[in-house]
Every structure is written in structure tokens, then in C-alpha cells.
Amino acid sequence: MVTKLKEVDAVMVGMGWTGSIMARELTKAGLNVVGLERGGDMKPSENFALPGIRDELRFSARLDMIQDASRETLTFRHRPSEHALPMRRMGSFLPGDGVGGAANHWGGQHWRYLPSDHILKTHLTNRYGAKAVPDDMTIADWSMTYDELEPFYDRFDKLCGVSGKAGNLRGQKIEGGNVFEGARASDYPTPPLKRSLSGDMFAKAAGELGYHPFPQPVSNASRPYTNSEGLTLGACQYCGFCERAGCEANAKAGPLVCVVPKLRADPKFELRTRAWVSRLIYDKPGKKVTGVLYTDTRTGEEYEQPAGLVVLSAYVFGNVGLMLYSGIGEPYDPSTGRGTVGKNYCYQLSRMGINFFFEDKDFNPFMGSPGMAMLIDDFNGDNFDHSGLGFLGGVKMSCGSGTGSPIGYHPVPPGTPRWGSEWKRATKKWYQHAANISIGGSNYANRNNFLDLDPTYKDALGRPLLRLTYNFVENDYKLVEYCIGKAEQVARAMKPTILGNPRVRRGDYDIVPYQSTHNTGGTIMGANPKESVVNRYLQSWDADNLFVMGASTFPQQTAYNPTGPVGALAYWAAEAITKQYLKSPGALVKA
Amino acid sequence: MADETIPRRRFLTGAAVAGAGLAAPAAAQTAAQTATPAPSAPEPPAYTTLSANEAAFFTAAADTFIPADELTPRGSDLGIVVFIDRQLGGAWGGGAKYYRGGPFPKGKPEQGPQSHLTPREMFAAGVDAVNAWTQKTYQKDFDRLDAAQRDTVLKALEAGKADLAGADPRTFFESLYQIVMEGFFADPIHGGNKGKASWAMLGFPGLPALYADKIDKWRGKAYVVPPLSIQDFS
Ligand SMILES: Cc1cc2nc3c(=O)[nH]c(=O)nc-3n(C[C@H](O)[C@H](O)[C@H](O)COP(=O)(O)OP(=O)(O)OC[C@H]3O[C@@H](n4cnc5c(N)ncnc54)[C@H](O)[C@@H]3O)c2cc1C
């Protein structure tokens, strides 16, 4: 039996970055907001405390903070003609679970997308001609330009205390920052993190080759910082344990540090944890949702929560799944190209690069953070001329220090045996002396890469699992071959004692090894309901009081980590709701 | 052969004590009184889930992957078998966070593991299958082989060149390799990496990992300190 609860003004489905930001903006506008989160509550002082938080086995290998695949996962196949099988253990990507979402265990690399990324299709056809974009590459422009989104990028920067050095301040290019970035209204809230020896060696070699090195912008405050909410972040301790675990120093930005304390103190907000939303209640003729259904996972009891406004903030897979379970919008069909829900799923070509070894250099690989790196963007996006290259898109290329935990990191030169005394001696010999250049590539939409519902496998609530049909395509392989060559060029210029073998992704996509949790698409934004799921304010074309947050709204994926624009878009949509929608509820864009 | 061990016998000594049932505490007491604890003869470990056969197998595997040398004691003396026992006997071994909905057709490798077995069950089946294969090829269980033979067997598994009655030897090998390496490198709180031996070997300082005041000072110079672990702060 379903218990029907009293109506509230707004419901958030998921309490990660986007749910927290949206809940905060809506309560500030006077709404009563309920936050529903399938996982448990989390408090940095309890959950991220020393010494237990420094447990590589628990967090990195056994994935303590990651979504429980036994309850909810997805199925996967390479192409529409194949049989999809469940991803039985989380691997390639690691979504979060619990208040704070994936940002509790994220790396914090914090980007704005390039101005050309915001108008990708127009930009590429203007520069290379109408035929430059292949027919099956279903890329599209974003629904707002970089300049339009800039004030919201800025707000998110100031929520997070991002550290970095501007390369383009109000149009003024600044050497030593990223000269390719769009114009910023203000510099980064905190200065760049300290630099590693390996990063500086990379920067020197890249600079001498004529490239433009700059420090990674990262949501690790480099010094104590009081954010736009009046909450204080600590200074980064360079512990090297950021990824897959929480930050005991409160230096890594996340909802738990940057927003949620305000919500907890606000009587207009109510947090309900272990509240797993199974579907939205959709009034199709009325073009609205009337509320959500959820299960309390402690008791198994089911509740209906009526709401005036529903915000989907359940990460890419949760968002797409809930649209499909609730029958909102038309599911995408790759054979006809019709339908929009599930379309343009994109990912990234991550964790590629090249190791190198310097007999006479000590790198202290355990000191740092995933964001303590030097980069070049000379081969990112359309920052270089693609004429005659046979591919579109690019990579970010980086070198730094700060992931030295030994289960995951004990590099040895090629040709070393995998075990025994000789292997042990090699790990000892090289642990201090290895570093690597890593490249991560963009992933442009392809007609055959999409999400829909699986016909066979079910989750713990009895719903069909989401089905992922995905593979790399020719464009990706060519991009990788070209860019790994550039990485190798820089690595050689650094003159290492031993150069490792380049690590690139060739062959079919493999869902087992971790690559990145930078999944995008499935509820993309766009100019009209035939081609997209949400309008430029992230409002559903099919339900006026439904707003969809996060990277599921990206039409395609760049080489950057996605969360900068994810946060900016949450502020952008919140402003549209509070300044326009609440005054006159209805479609904010005429279809 | 110097590095050939008789792990099963070591294990069986422990089992005999435990097997004495009610008499065990007294027997253990006598043993404790008479035996002078020496680092070379540690207490035989007790296991929560591993059988005698399995403990012998994992001991042999751990000691082959991590032999005793000037860098560390051998794998079993570092507690790696205790680590494996705890992992397999705990939530992870029981299939926590592992999706077990059927059906279970064989997929492509890129679709990930499709077994309906939990890690505990998979290792049980794998140990039996490897022993059956070494019985056929050497007329001995894996743990009774000498060090060179064990190495050869592990290489055959790694290369997919062993017949495990239908199971993929590479999958089993990689799981075995992974769990031994985890036991070698993980924080000692989990039972392996005794004395933080692998951390000392690498020069990994462990905890508390607060480097804001060290990172510039130690730039270009190896920061080497006796490693500290979770237990040291608890
Ligand atoms: C290991 C790792 C490293 C990363 N590093 C970076 C990085 O360096 N830079 C970067 O930009 N990004 C990084 N990311 C990605 C970043 O974490 C995400 O982009 C960001 O957290 C997304 O915010 P979100 O609000 O969309 O979703 P999330 O933060 O994932 O929040 C979604 C929430 O919804 C809940 N939920 C889902 N379904 C339901 C349901 N049906 N009912 C109720 N609740 C539900 C989830 O439990 C979760 O708490 C990383 C991610 C991981 C996993």
C-alpha cells in the first residue's frame, strides 16, 4: 500500500551537487523543499575522519562509497544487434550513493567548457564546412553560449573555492594561465595548488615545444576559503587520497562542505535519506508531473510525495531511467533516429598516456592530489587545426603527482616480470622515480550510442535495468592515435631514463577497468522537442514543472571533467525557475 | 630447495589444535607455555572460512608471488593468507555490491564478469580446478609443487594455457593475482602487509599523509620515513 504524503512545493530526486544547489536556491526563494536521497546521510566529521579514511582497500578497491550494483546497475552491449549483459560490478564508472553524491569521492578537477564547445556544431561547420561533421556524428550546439553561462560558472567557482590561475581575465590573456579558456569575469577564488617536480618538468618541456602549460584548476582550496554561502573550506593537505574517498580537511569542495550545512539549518528544507525514487507520477494530458513515488529502503514502505515542482538530480543514469520508467518523452530509436530520451549518450577516452622513469629524480608520488598537475590544452577541443586530420575533438594532457597509494600504484618499466623478487626489486627501484603524462579525450555523440530499458534484467525494485549501447568509433581511435603521439613528443623532450609504452584505448570499449565517471547525455538540451529532452532552462519539453539537472543534459562530451558546467547549469536553471517560472508557471520556451 | 615450504603441514598443526574441541584452550595454553615465541616460527594462523586445502593453496600462491628475500618476508608470513581469509569470509567475499540477477549467459570479456558465483564461491571452485589440473600434469596439488613448478603453473594460468574444466584460467589467475597484491599492499588493519613491509619496501609513508608543510621542502628529495598505518593512530 502506498502512503500518500502532504504536498510540498518542490522535490529533489537525489542530493548530490545538483540536488543540493537547487534545493538551496529554491528554499532561498521561499519554497518548501524535500530532498529525497536513495543512500544514507553523510557527515565529513564522521564519515571522512582520520585515520579510517586513509584505507585504500576499503575505498578504492572495495568501493565503499560507490553505488551498490547488487540493487541497481545497468546492462551493456557494444551495438544494437547484440545482447546486453549486466555490469555486475561497478568498474568503468563509479556513481555515488548517499547525501553529497559522487562529489564526496570525486577528484575535483574543475573546468569551464571552451566557448567553442558551447556552439560545437555551428563552430565546426563554420570552420571546416558543412560536410566536416559525419552523418552519424549526432553532435549539437548547447542551448546557451559560454558568455551567457559565464556568470553561473563564476557562481559555482565561488561556491567551491576553486584554485587556479586565470588565463583570460575579461578578454586579457595571461601567460601561465590557460590562454585557451573563455573570458572570466574574475580570477580563481584561491591561488593554484603547489606544484610537483614532475608537473614542472612537463611544463618546461611543453613550453619549449611552443605549447602553453598552465596549472590544473581544481576544487581543492589551496588555502582556507569562505565560500559564497559563508561556509568555510580548509586548505588542501596534499594527502593524495581524494579520489574514491572523502576529504578530512574539508578542502575538497562538495555539497557536504559547500551547501548542505545551510540546508540542514533551514526549516524550509527536509532531508529524507534511504528514500529511493522508483518513478515520477506523470499527468501526460496536463503536461506535468504531480509528484514522485519512493521506497524507504529500511522498511520497504512505499510513499507518494506530491509536489508542485520536481527536479531530477539523480545523475545521468538515474535521470534517464526515471524519464523512461515514468513514460515521459519518447524513447530514442537509433534505427529511425526518432525519439529523444536516451539519445547522445557520450563518455570519454580516459586514463591513457605514457609512463616514464628518471633514475636521478625523486618525485614523492604520494604527495599531491589528482588536481595537482600541469596541463596543456593545445590539443583540446578545436584549439588546433583539424584540417586533413580525419577526426574532430581533442584531449587534455597533464602531468602531476598525487595518486601514490600502493595497491593502485607501483609502476615498473616495460619488460619487468609481474611477480617474484625481480618484480619486487623493480617496484622498490622505481616507485620514487616514475611519473606519467596522461591524456583524456573528448567523445562526440554517435547515432548508435544510447540508453534505453533492458528487456531481461531487473533492479531490486523490479524495474528494468537501464541498457547501455555504446562503443568507441573511428573518430575516437584517430583522435587517440594523433594525440598520444603528441604526448610522446613531450615525454621524449623531458629526456627520461626509460620511456614506457604508450597506453591507449584501441578496440572495443571495455566496461571493466575504471576510466571516468564523466558519463553524459540521454536527456539532452536543445532548441526543439524533436531533437532534445529539455529546453535551454533544462525544463522538460513534456512536463512544465519538471527540470532535469546534470551532465545528462550535455549534447556531447568534451575532454574536460563535467562538473564545472554541471554546477553552473544548476544555478542557471535555478535562476530561470525563481525569476521566471514561479511568476508564471508554464513552458519557458515555446516549442 | 631453500624456498620450498611445507605450508600444508604448517596449517594442519593449527587445525589439530582447533580440532581438539573443548580441549583446545588447554592444549593451546600448554603450547603457549612451552613454545618460546620466535619470529621464525609464528603462531599458525587460524582461519574463519578457508579449508585446509584452500589455506595451503593460497599460502603457496602468496609465497610464489611474494617470495622471501632481502626486501620482505614471504607472502604468507606477511599475513596475506589471513587477509584472503578475511576478505572471502566478509561481505565482499559473500557478493556484496555484486549484481546477481540471472540469466547468466557467457558474454564478451568487455561486458565484465558474468558468473553467478560470489568471490568466495569462485575462489573455492578455482582452487579445486587448479589442483585438479596440477594433479593431472604433476600428480600433485599446487601447494606440493616446488617453487619453479608453481611459477610455471601460474604462468600457464596467466597465459590461459591450463585446462580448468571450462572455467577461464585467465580470469581466475587475475583474481588470484589481484587479491594477493591487495594483501601485500593494503593497510595492515586488514591482516596482510605485516609490519608495513611492502610500504617500507616502496618508500610509501602511509598515514597521516598531511603534506602541506612538506611538499615544497621535500621537492626533488625522497621523503622517506618509517611508514605508519591506521592501527598506529587508533
Ligand atoms: C571517482 C570520481 C572522480 C571524479 N572526478 C571528477 C573530477 O575530477 N572533476 C569533475 O568535474 N567531475 C568528477 N567526477 C564527476 C562528478 O562527481 C559528477 O559530475 C557530479 O558529482 C555530478 O553531480 P550530480 O548532482 O549530477 O550527481 P551526483 O553527485 O551523482 O548525485 C546524484 C545523487 O542522486 C542519488 N540518486 C540516484 N538515483 C536516485 C533515486 N532513484 N532516488 C533517490 N536518489 C537517487 C544518488 O545516490 C546521488 O547521491 C568524478 C566522479 C567520480 C566517481
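The values are calculated or read from the model by the stated rules, or taken from the named source; none is laboratory data. On a predicted model such as this, the values are computed, not experimentally measured, just so you know. Glycine also receives a Cβ, built like all others from the backbone with ideal geometry; neighbour counts cover every protein chain displayed. The area values use the complete protein model at the heavy-atom level, side chains included, leaving out ligands, DNA and RNA. Shrake-Rupley method; radii C 1.70, N 1.55, O 1.52, S 1.80 Å.
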Going by a 1.4 Å probe on protein heavy atoms, which residues of segment A:379-412 end up with at least 20 Å² less accessible surface in the whole assembly than in their chain alone? A:P406, A:I407, A:H410
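If Rh is defined by the Kirkwood formula over all Cα pairs and Rg also comes from Cα, what ratio Rg/Rh do you get for segment A:253-326?
Working: Rg = 14.0 Å, Rh = 13.9 Å.
That ratio equals 1.00.
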Where labels lie 7 Å past Cα in the beta-carbon direction, separation of A:R298 and A:T497 in nm: 5.7 nm
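Can you give me the accessible area per residue for segment A:366-482, using a 1.4 Å probe, in Å²?
Using a 1.4 Å probe on heavy atoms only, each residue of segment A:366-482 averages 29 Å².
Tell me, what is a quarter of the convex hull surface for the C-alpha atoms of the protein assembly as shown, in nm² with one decimal?
Numbers: hull surface 144.1 nm².
The Cα convex hull of the protein assembly as shown, projected and averaged over all directions, gives 36.0 nm².
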Put A:Y477, A:Y431 in order of accessible area, largest first, probe 1.4 Å, and you get A:Y477, A:Y431
Relative to the longest principal axis of the C-alpha atoms of chain A, give the angle of the C-alpha long axis of helix A:420-430, reported between 0 and 90° and rounded to the nearest 10°. 90 degrees
Please work out the FRET efficiency for the pair A:I281 and A:D360, using the Cβ-Cβ distance as r and a Förster radius of 60 Å; give the result to the nearest 0.05. 0.35
Provide, for q = 0.12, 0.16, 0.22 Å⁻¹, the log10 of I(q)/I(0) from a solvent-free Debye sum over equal Cα point scatterers in segment A:2-89. -0.66, -0.93, -1.09
For segment A:461-563, what log10 I(q)/I(0) values come out of the Debye formula at q = 0.16, 0.17, 0.20, 0.21 1/Å, with one point per alpha carbon and no solvent? -0.92, -0.98, -1.15, -1.20
Accessible area per residue, 1.4 Å probe, Å², for segment B:76-129: what's the number? 40 Å²
Inter-label distance, nm, simple model (7 Å from Cα along the C-beta direction), A:D510/A:K478: 2.5 nm
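Between rounded, prolate and oblate, where does segment A:49-165 land on the alpha carbon gyration tensor, with a ≥ b ≥ c its root eigenvalues, rounded for a/c under 1.5, else prolate if a/b exceeds b/c?
Taking the square roots of the gyration eigenvalues as a ≥ b ≥ c, segment A:49-165 is oblate.
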Which positions within segment B:81-107 get 20 Å² or more of their accessible surface covered by the other protein chains, compared to the chain by itself, with a 1.4 angstrom probe? B:Q87, B:W92, B:K97, B:Y98, B:Y99, B:P103, B:P105
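Once the piece of chain linking B:A46 and B:E174 is laid out straight, how much longer is it, given 0.36 nm per residue of separation minus the C-alpha distance between them?
Numbers: separation 128, 0.36 × 128 = 46.08 nm, distance 2.58 nm.
My answer for the length gained is 43.5 nm.
At R0 = 45 Å, how high is the FRET efficiency between B:A91 and A:K4 if r is their beta carbon distance? Nearest 0.05 is fine. Walk me through the numbers before you get to the answer.
Working: r = 36 Å, r/R0 = 0.80.
The pair B:A91/A:K4 has a calculated efficiency of 0.80.
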Could you bin all the Cα-Cα distances of segment B:53-177 into 10 Å bins starting at 0 and give me the percent of pairs in each, rounded to whole numbers? 13, 41, 34, 12, 1
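As a test of the definition: with a 1.4 Å probe, what buried accessible area, both sides summed, do you compute for B against A, in Å² to the nearest 100? Don't skip to the end; give the middle numbers.
Numbers: alone 13910 and 22660 Å², together 30800 Å².
What B and A bury together is about 5800 Å².
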Take A:A587 and A:S421, extend 7 Å from each Cα along the Cα→Cβ direction, and tell me the distance between the two endpoints in nm. 7.7 nm
With angles folded into 0 to 90 degrees, how steeply does helix A:197-208 sit against the dominant principal axis of chain A? Use alpha carbons for both and round to 10. 80 degrees
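Using +1 on the beta carbon of Lys and Arg, -1 on that of Asp and Glu, and nothing else charged, what's the dipole of segment B:83-225 about the Cα centre, debye to 20?
On the way: 19 positive and 16 negative charges, 60 e Å.
Dipole about the Cα centre, nearest 20: 300 debye.
When the accessible area of segment A:474-591 is split by element with a 1.4 Å probe, what percent falls to carbon and sulfur? Intermediate results must be reported in sequence, preceding the final value.
Values: 2020 of 4050 Å².
In segment A:474-591, the share of accessible area belonging to carbon and sulfur is 50 percent.
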For B:Q231, placing the label point 7 angstrom along Cα-to-beta-carbon and taking segment B:50-82, residues whose amide nitrogen sits under 13 Å are B:78-80, B:82
18 Å reach of a label modelled at A:L389, 7 Å along Cα-to-Cβ, counting backbone N of segment A:466-480: A:473-480
Chain A: angle of helix A:17-28 to the longest principal axis, Cα-based, in degrees nearest 10: 50 degrees
